[in-house]
Each structure stands twice: as C-alpha cells, then as structure tokens.
Amino acid sequence: MARSQAIIVLTIAIGAVLAAPEPRYDPDRQNVYHLFTRQNPTVSQPLLMGSEGLLGLTNYNAARRTVVLLHGWMDSSTAPFNTVLVPAFLSGEDLNVIVVDWSTGAGSINYFTAVTNTLASGLSVARFINWLNTVTGAVPAMYHIVGHHLGGHQAGIVGRNVRGDVGYITALDPAYTAWPNNVNKFRATDGMYTEVIHTNVGVTGYIAPLGDVDFYPNGGSSMPGCNSQECDHSRSYFYFAESLTSGGFTGRRCGTYLSAMLGNCFLLGNLRMGGLVPKTGSSGIYHLVTNPTSPFSQG
C-alpha cells in the first residue's frame, strides 16, 4: 500500500473511533470507592453503596471526619491528586479518606462527554454519601469534599445534593472550559464553607471567584518553579497538601479577582489558605506568593 493511501486509511480509522458512540456511563454501578484510614494508609478497602456487610469489614469510623476526593479529567484513583492528598490528610488528622474513582466517566477522550458525566457522577456520589450517613449516623457537617479540575465542580454538585449541609468543600483549580455558562458549576452555597484555589486561570482553571473564599497564589497563573500549564494546574493540590500538614500560606485580601491576579491587594485582613479546619464565616478574594520548590509556603 502506498504511503498516501496508508495515511488516508489511518485517518478514516481514527475518525471512526472518535465518531463511535461511547458506552453509557452508569456511575451507580461503575464508580468505585476506596477507603483509606490511619489503619490502612496505603492499601485501600472497598466500599459499595448498599452493602452494610462490606462496610462493617472496613476501618470506617463514623465518629471521625470524612474526606471525599474527586479527581479530574482523564484521571483515576491512582492520579497524583490522590497520591499526594491521601497521605497529607492522614498525616494531619485521624480521618476516613474516601477516594472516588469515576474514571469510567472522566476518562472519555471527548472532553464535553466528560463534562456531562461530571454531573452524573456528582449526583451518584451524593447518593452514596446519603446512604452512608443513613446507615452509620454520620452527619454532613463532618465531611470535607475536595475536587480537582472537573472534580472541583463535581465537589459542588455533591455538596448541594447531600441531605444536610456539608461542612467544608474545596475546589482545586476547577475546570474552565465549558463551565462559565454551565448551571452546574461550583457555587459558594454548596457547603457551609467553600474555598477555591486558582493556579492556572483561563487555561485549565476557572478565572472568576466561585466560593466563599477564593485564593489566587502568584496571581493564579505562572506558578514559580513551573514551566508548563500542567505543572501550574497541579500546584493547586501540592499547595493544599502542604497546608494540611504545616499550614503557613497566608493570603492578603483583594478588592477584586483582577487585583488578585495582578497582586495589587492592599485591603486589611489576612486569611490562611487551605488547612484541615473550615474557616466558616470567612469570605473574600486573596493573593499570596509561594516558593518555587517545596516547602512552597512563605509563611
């Protein structure tokens, strides 16, 4: 076969794959829940909605606070977002940490399909939490829901669909593309306290404020020590992980998000970014500067 003919055949084959309908995503059946605790910090225990027997075999403890982690597009339970945050959370506090693997929905090569699946998964995760609370007596105020990229918006969807008010929700560089006019995007009212950390605004990350409190480290783009958009995007969870174990990130209050992006922030009032404890009642937009390498905090 001539080279030109081979290229045509390959192009047609690729087009056929992209045009083929994807299998229907069923999050109630396909989402996987991995439990980590200080008793099993590196090997997860499975949780299954509707299976109290399986739950009773795990280290889950309703008396502890529960963290729920939601990865982003094309990621899974083994994504750096999870491998960085699980040990950081368990180092900071004795918690139940539930990693949600919704890779069947997030793994679509068609980004807009993954956006649609973000809503479906969020509703399913909320049903899982409602079931867990019903059978264990756990309360939403004891939850901290954390999401990255598409998972950032999904964290809000989960929060607003859990019965009762979730205590703490954090969106880490929530996705920008397809979300400005999306009615399902993250909202300040999704939990008792909502916080957003922006590190790649206008590219992979959302530009405008979304939470009770929005932090724009280094202006929200071009993170020190990074030379790629992917690095900027990931800095959101590296900064957050460090805040769980050592605190230290202090933001100065800004009048607008544009002033935060420019670093022209001179209003009275500082606030710590991230951390284990929700800063319920706080609000506003904040700017801070980080170091190029770990430890990232400048105090």
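The values are calculated or read from the model by the stated rules, or taken from the named source; none is laboratory data. Values in this document were obtained by computation on a predicted structure and should not be read as measured data. Neighbour counts run over all protein chains shown; Cβ positions are idealised from the backbone, glycine included.
Of the residues examined, D173 is not one that is among the charged types (D, E, K, R), more than 15 Å from the chain's Cα centre (by Cα) and either at pLDDT 95 or above or under 30 Å from A138 (Cα atoms) (or both). For I129, the requirement of being under 30 Å from F249 (Cα atoms) and surrounded by 19 or more Cβ atoms within 10 Å (Cβ to Cβ) is not met. Pairs meeting the criteria (first residue in the stretch 34-50 and on the phi > 0 side of the Ramachandran plot, second residue outside any strand (DSSP E or B) and surrounded by 14 or more Cβ atoms within 10 Å (Cβ to Cβ), beta carbons under 9 Å, at least 6 apart or on different chains) are G50/W131. Just one of (1) touching a Leu at 6+ places or on another chain (Cβ under 7 Å); (2) touching a residue at least 60 places away in the same chain (Cβ under 8 Å); (3) buried (at least 24 other Cβ atoms within 10 Å of the Cβ); (4) not polar (S, T, N, Q) fails for I157. It is (2). If only one of T280, T290 is surrounded by 17 or more Cβ atoms within 10 Å (Cβ to Cβ), touching a strand residue (DSSP E or B) at 6+ places or on another chain (Cβ under 9 Å), of a type outside the set (A, V, I, L, M) and not in a helix (DSSP H, G or I), which one is it? Among T280, T290, only T290 is surrounded by 17 or more Cβ atoms within 10 Å (Cβ to Cβ), touching a strand residue (DSSP E or B) at 6+ places or on another chain (Cβ under 9 Å), of a type outside the set (A, V, I, L, M) and not in a helix (DSSP H, G or I). Scoring A188 on the criteria (1) under 18 Å from H149 (Cβ atoms); (2) assigned by TED's automatic domain parsing to the domain that holds I157 leaves a single failure, condition (1).
Within the stretch 130-156, the set of residues being over 14 Å from G211 (Cβ atoms) and either part of a strand (DSSP E or B) or within 12 Å of the chain's Cα centre (by Cα) (or both) comprises Y143, H148, H149, L150, G151, Q154. Might you let me know whether the stretch 50-67 holds any residue that is of a type in the set (D, E) and either outside any helix (DSSP H, G or I) or in contact with a Cys (Cβ under 9 Å, 6 or more places away or on another chain) (or both)? Among the residues of the stretch 50-67, not one is of a type in the set (D, E) and either outside any helix (DSSP H, G or I) or in contact with a Cys (Cβ under 9 Å, 6 or more places away or on another chain) (or both), which makes the answer no. Restricting attention to the stretch 247-271, the residues being part of a helix (DSSP H, G or I) and exposed (fewer than 15 other Cβ atoms within 10 Å of the Cβ) number 2.
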